[in-house]
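Engineer: If you scroll down you'll find the structure; I have some questions about it.
The values are calculated or read from the model by the stated rules, or taken from the named source; none is laboratory data. Quick caveat: nothing in here was measured; it's all calculated off a predicted structure. We place every Cβ from the backbone using ideal geometry, glycine too, and count neighbours over all the protein chains shown. Heads up: the accessible areas ignore ligands, DNA and RNA and are worked out on the full protein's heavy atoms, side chains in. Shrake-Rupley method; radii C 1.70, N 1.55, O 1.52, S 1.80 Å.
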Amino acid sequence: MKYRTVLGDTWDIIAKKVYGDEFLADQLMDANRDLINNFVFSEGIEVECPDIENSGTGTGYPEGYPEWRD
């Protein structure tokens, strides 16, 4: 799937919109190495959004991440 950016999108905002979890931004960046230097996107850039299997935590946090940090 591809996501077309709107002005002001960042990696974590895109991850939240696409996957419902901003903590999956690192996986988006891995899949889009050619766009890695973008911190704030302009409008109309296509970002590849790979299928990501949920780690089971439902949050995208690393295993052992304290729940109180939510």
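Engineer: So which residues in segment 1-25 are open to solvent by 80 Å² or more (accessible area, probe 1.4 Å) and assigned to a helix (DSSP H, G or I), if there are any at all? Steps first, please.
Structural biologist: Restricting attention to segment 1-25, the residues satisfying the condition of being open to solvent by 80 Å² or more (accessible area, probe 1.4 Å) are 1-2, 4, 7, 16-17, 23.
Once the filter is applied, which keeps residues that are open to solvent by 80 Å² or more (accessible area, probe 1.4 Å) and assigned to a helix (DSSP H, G or I), segment 1-25 yields LYS16, LYS17, PHE23.
Engineer: If I go through segment 27-55 residue by residue, how many of them are assigned to a helix (DSSP H, G or I) and surrounded by fewer than 12 Cβ atoms within 10 Å (Cβ to Cβ)? Write out each step before concluding.
Structural biologist: At the first step, the residues of segment 27-55 found to be assigned to a helix (DSSP H, G or I) are 27-31, 33-35.
Add one more test, that the residue is surrounded by fewer than 12 Cβ atoms within 10 Å (Cβ to Cβ), and what stays is 30, 33-34.
Counting residues in segment 27-55 that are assigned to a helix (DSSP H, G or I) and surrounded by fewer than 12 Cβ atoms within 10 Å (Cβ to Cβ) gives 3.
Engineer: Picking from GLY60, GLY64, which residue would you name as being of a type outside the set (A, V, I, L, M), at pLDDT below 95 and buried (at least 16 other Cβ atoms within 10 Å of the Cβ)? Please lay out each step first, then the result.
Structural biologist: Values: GLY64 fails: buried (at least 16 other Cβ atoms within 10 Å of the Cβ).
Only one candidate passes the filter, namely GLY60.
Engineer: Something else now. What pairs can you find where one residue is in segment 8-35 and free of Cβ contacts under 8 Å to residues at least 12 places away in the same chain and farther than 13 Å from ILE52 by Cβ, the other is open to solvent by less than 70 Å² (accessible area, probe 1.4 Å) and of a type in the set (Phe, Trp, Tyr), and their Cβ atoms are less than 9 Å apart, with a gap of 6+ or different chains?
Structural biologist: Cβ pairs passing all conditions: ILE13/PHE41.
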